[in-house]
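The values are calculated or read from the model by the stated rules, or taken from the named source; none is laboratory data. If you're wondering where the values come from, they're calculated on a predicted model, not measured in any experiment. So basically every Cβ, Gly included, is an ideal-geometry build from the backbone, and we count neighbours across all protein chains shown. Surface areas here come from the heavy atoms of the whole protein model, side chains and all, with no ligands, DNA or RNA. Shrake-Rupley method; radii C 1.70, N 1.55, O 1.52, S 1.80 Å.
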Amino acid sequence: MKAKRPTKAQRLSSTTISTLPQTIIENILCFLPIQEAARTSILSREWRYKWTTIPKLEFGSSTLSKGKNKEKLSSDIASARKNMDERCKLFNAIHQVLLMRQGPIHEFTFNPIGTYNCFELDQIILHLSRNHTVKKLTLAFGLMFLYKLPLCAFSLHHLRDLHLRSVVIDHQPIFSGFGSLRSLCLYNVKISKKALLHLLSNCPSLKRFSLEYINSKDCTINELFECLPVIEHLTFSRNFFYPRLVLDSIRGELPISLIHLKYFCYNKMDFADHRLFTFLVVLIKCSPNLEKIVLEIDDCLGDDVEICCGILEKYSDVRLEHLQELEIHYFSNLKHEMEFVKLIMARSPKLKKVIIHSLVEKDEESDMLKILLQAPRASLVEIVVRSMRNW
């Protein structure tokens with residue numbers, strides 16, 4: 001009996017995505033929203049449970065199907081009822097996904113848009129800590145709501161990446177920390193000084209640290225950096241440093257040399273505050289292996305401009321042997337701003353690029369660029385000026 005020739009569809013199926021290794025299919029499905037990944041179960045019997053093994057889960061208000069009801073809410077009661085319905089649907093979806101899991105969960109993200117209470121999340125974090133080796137956890141709430149992080153979150157001992165936004169950490173500093181943590185981001189987090197320092201001191205492998213809009217009173221510069229001995233990538237915001245961080249402890253040196261630091265970013269820096277300016281210059285001096293500096297200037301007007309210029313003269317012997325790029329946002333072409341850029345260019349033999357996002361007029365930009373091009377430079381650096389006036 002003559003064998004049947006395979007149909008065109010059968011021939012094509014042998015070269016489709018279904019023939020890829022399971023790990024590659026999982027990686028592809030990770031790029032889809034969880035609800036879209038789940039819909040691949042209808043493709044065939046073979047695909048019915050493939051989505052249940054993807055190691056990356058992300059949940060938020062976008063997880064829910066968007067209805068067609070566009071009626072405006074007429075009262076606070078109606079708005080509250082809508083938030084309650086969304087919360088119930090969201091957590092019901094999360095529980096359904098967790099019940100169908102057939103593989104480990106390595107990344108978990110919870111990013112709701114609503115302002116509703118999320119106490120159900122405590123049990124989900126407890127489940128993750130007991131049943132999965134989660135390596136990356138992101139809890140990102142809106143600025144109007146602060147979620148109280150449960151103590152069981154500190155039982156996620158395999159964490160390598162932790163991102164917390166609008167979270168309260170009010171536990172006594174007795175938790176063990178995260179021995180494997182490499183990256184920590186705290187944004188709009190309320191935490192006591194003792195808990196913050198205890199957390200950082202119990203993350204011995206921490207290499208990336210971002211601290212913005214933090215509510216932690218009376219923490220000093222020295223105390224903070226003593227907990228960051230191997231930090232490589234550092235981001236701060238003025239809302240952390242001032243007025244809640246004590247800057248008076250700076251006396252020309254940090255308590256440790258930041259020999260591992262390669263990237264430093266300072267958002268919303270008050271360039272006219274001589275204490276913050278001193279901190280910036282001292283940090284640069286104590287970071288001999290810096291490769292990139294990013295500064296976002298928030299305010300330059302004040303009585304400390306001449307003092308800041310004096311600070312630059314005091315530290316004019318700074319040497320940045322490995323710095324390759326300097327980027328400054330909201331540059332106003334004031335005296336101490338220009339002197340800072342000149343100092344960096346003169347003391348950085350490997351500097352390749354200076355990017356200035358400028359607030360000045362077009363004709364003033366040309367004069368500013370001309371001055372920088374004529375200034376002493378330790379390397380053949382490319383200077384790029386980009387206007388921000390139309391942003």
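General remarks:
- On the stretch given as the stretch 99-131, residues that are part of a loop (DSSP other than H, G, I, E, B) and either modelled with pLDDT under 90 or hydrophobic (A, V, I, L, M, F, W, C) (or both) total 15.
- Across the stretch 170-215, the number of residues qualifying as in a strand (DSSP E or B), farther than 18 Å from P229 by Cα and either open to solvent by less than 10 Å² (accessible area, probe 1.4 Å) or in contact (Cβ under 8 Å) with a residue 60 or more places away in the chain (or both) comes to 3.
- Scan of the stretch 290-313 for residues that are at pLDDT 90 or above, over 18 Å from K262 (Cβ atoms) and open to solvent by 30 Å² or more (accessible area, probe 1.4 Å), ordered by number: E296
- Test: residue in the stretch 191-207 that is touching a Ser or Thr at 6+ places or on another chain (Cβ under 8 Å) and over 25 Å from H260 (Cβ atoms): yes
- When every residue of the stretch 261-276 is checked against the conditions, at least one turns out to be touching a strand residue (DSSP E or B) at 6+ places or on another chain (Cβ under 6 Å), without any contact (Cβ under 8 Å) to a residue 40 or more places away in the chain and of a type in the set (S, T, Y).
- Comparison of S316, S287, S257, S249 shows that the only residue that is at pLDDT 85 or above, over 24 Å from L181 (Cα atoms) and in a loop (DSSP other than H, G, I, E, B) is S316.
- Residue check, N222 open to solvent by 10 Å² or more (accessible area, probe 1.4 Å) and assigned to a strand (DSSP E or B): no
- Residue check for L151: among the hydrophobic types (A, V, I, L, M, F, W, C), modelled with pLDDT of 90 or more and open to solvent by 10 Å² or more (accessible area, probe 1.4 Å): yes
- Count - residues of the stretch 371-391 that are more than 21 Å from C309 (Cα to Cα) and either free of Cβ contacts under 8 Å to residues at least 24 places away in the same chain or out of contact with any Leu (no Cβ under 7 Å at 6 or more places or on another chain) (or both): 7
- Against the conditions (1) surrounded by 14 or more Cβ atoms within 10 Å (Cβ to Cβ); (2) out of contact with any Ser or Thr (no Cβ under 6 Å at 6 or more places or on another chain); (3) over 24 Å from K268 (Cα atoms), E321 satisfies every one except (1).
- Residues that are part of a loop (DSSP other than H, G, I, E, B) and touching a Lys or Arg at 6+ places or on another chain (Cβ under 9 Å) were ranked within the stretch 132-145; the one that is surrounded by the fewest Cβ atoms within 10 Å (Cβ to Cβ) is L143.
- Any hit, the stretch 333-341, residues being among the acidic types (D, E) and open to solvent by 10 Å² or more (accessible area, probe 1.4 Å): yes
- In the stretch 349-378, the residues that are open to solvent by 80 Å² or more (accessible area, probe 1.4 Å), part of a loop (DSSP other than H, G, I, E, B) and farther than 25 Å from D298 by Cα: K350, K352, P376, R377
- Scan the stretch 319-348 for residues that are of a type in the set (K, R) and assigned to a loop (DSSP other than H, G, I, E, B) and the total you get is 2.
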